[in-house]
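Here the structure is laid out as structure tokens; the discussion comes afterwards.
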Amino acid sequence: MRHRALQSARSVLFSRMRSGIVSATVVFERPVNYRRKFHMSLKRIAVLAMAFLVACIAAAQTKTTKADATKSATADEKAPRLTLVEPVKEYGEVPKGDKLEWSFVVKNTGNADLQILAAKPGCGCTVADFDKVIKPGETGKVTAHVDTTNFNGPIAKTVTLETNDPASPTSTLTIHAIVKPYVDAYPAGFVRFNQLQGDVTTQSVTLYSEEDEPFAITDVQVPGDWVKVTYKKLDEAERNTSIGKKGQDQYRVDITVGGPNAKIGPMADKIRIITSSKHSPEYPISVTGVIRPTYRVEPTMLNFGEVAPSDAAATRSVLLHSNDLKTPEQFVVTKVESTVPAITTAFKPLAQKGDYEVTLQVAKDAKPGDIDGTVKIYTSDKINPVVTLPVKGTVKKMVASGTSSK
């Protein structure tokens, strides 16, 4: 093969020389041995693979050594461990109004003191007390309370514990119950009022039972003489067939709020209905709302400060506004009187019905000195016919130049 290649090269050279090409260069290349190159590549791959395997084994051994060292160091450290003996308390069915109380048992299964840093109750749950420090191997308690008065149906009330357990710094305790209203009110166990002082308003609810035993109202307790309650057992034709146990007695309870003894301001109290029920012997009905004054006075006192009769500040106004939304025109200011000789008064109705303006003026001939007295405003209101405003100030002494001084 090599001989043939040599002869071919010579033929090319002679041919070019005949054509007039004086010089020519022929380069001979040694044939490539591909089989040898392939075997060398395999050897290199094998060497690299072996080196990589050795490196991986060394890294794994190093990692295992470090993990063992860390594990050994952790085992030597002391730490508390919180274990909840009973994380969930199942009460099942309970009568509405029951006060549930349960002491959860917690255990320290670690080898250092367990500290309960906080016991945070969820909505509708309270925490009475808890053991703050629990020794290794010992148990402690977390006592929780749930008042079911305002709940119906299934409830889940929680207490979140915050501890120094490094593995589990927070844990949750839960109370489950199904609140059953053996005695309930329709449409609701509360009444709300928004009325003027002196007005009287009545609302009614129907009290019923889900028990098999005969049901009856035996007594009613009211929070004050501004609330009056009457009740009547309904005839069979008057009963609401969509509520209560079939055939069980129902009662209409009429709640009247107001009158002259009702205090102005918000209402938040309870009526207690005493019943024959063994599960709910007492049923509370909430009374909420507000008693508004029949009219509003602004401001409720006046202080002129230090003024001269000619000063702009010597004239002040008091506004009266009727709170009666139905018949505001029935509110009338009839007279204004001042106990201070230095103060003159006047009044007039405003454009809006039930609104009046009372003007107080330091008299032009008022003598220098202190103002200390009252102004009485007489109205047509039956509850508060007269409103008294304290009035204070000082009249300055006038000088000849028209300026004033004390």
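Numerical summary
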quantity	calculated
In order through the stretch 95-104: 3J(HN,Hα) via Karplus (6.51 cos²θ - 1.76 cosθ + 1.60), integer Hz, x for Gly, Pro	x, 4, x, 5, 9, 8, 9, 9, 9, 6
The stretch 341-400 versus the stretch 205-272: alpha-carbon centroid distance in Å	49
Rel. contact order, % - alpha carbon contacts under 8 angstrom, at least six apart, the stretch 264-365	23
Relative contact order [Cα under 8 Å, 6+ residues apart], the stretch 183-292, whole percent	39
Residues whose placed amide H lies under 5 Å from that of V220, excluding near-sequence neighbours	I274
Residue among A185, Q203, G258 farthest towards the positive dipole end of the stretch 183-292, charges placed on Cβ	G258
Under 29 Å from the Cα of K135 - lysines, other chains or at least 8 residues apart	K71, K78, K89, K107, K120, K157
Peptides ranked, highest mean first, by Cβ atoms within 10 Å: ranges 173-184, 269-280, 329-340	173-184, 269-280, 329-340
Hz values of 3J(HN,Hα) by residue in the stretch 217-222 - Karplus curve (6.51, -1.76, 1.60), Gly and Pro given as x	8, 10, 6, 9, 10, 10
Calculated FRET value between D372 and R192, using beta carbons and R₀ = 45 Å, to 0.05	0.55
Local electrostatic count at V290 - Lys and Arg +1, Asp and Glu -1, tallied over other residues with Cβ under 11 Å	+3
Cβ-Cβ FRET estimate between L234 and D113, R0 fixed at 56 Å, reported to 0.05	0.30
Over 24 Å (Cα to Cα) - which of K228/K353; K96/K245; K233/K326; K353/K382 fall in this group	K228/K353; K233/K326
Hz values of 3J(HN,Hα) by residue in the stretch 138-143 - Karplus curve (6.51, -1.76, 1.60), Gly and Pro given as x	9, 10, x, 10, 10, 9
Spin-label pair Q221/E86, simplified geometry with 7 Å Cα→Cβ offset, distance in nm	3.2
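Every number here is computed from the coordinates shown, using simple stated rules; none is lab data. In this text the structure is predicted, and so the values were computed from the model without any measurement. Note that we place each Cβ from the backbone using ideal geometry, even for glycine, and neighbour counts take in every protein chain shown.
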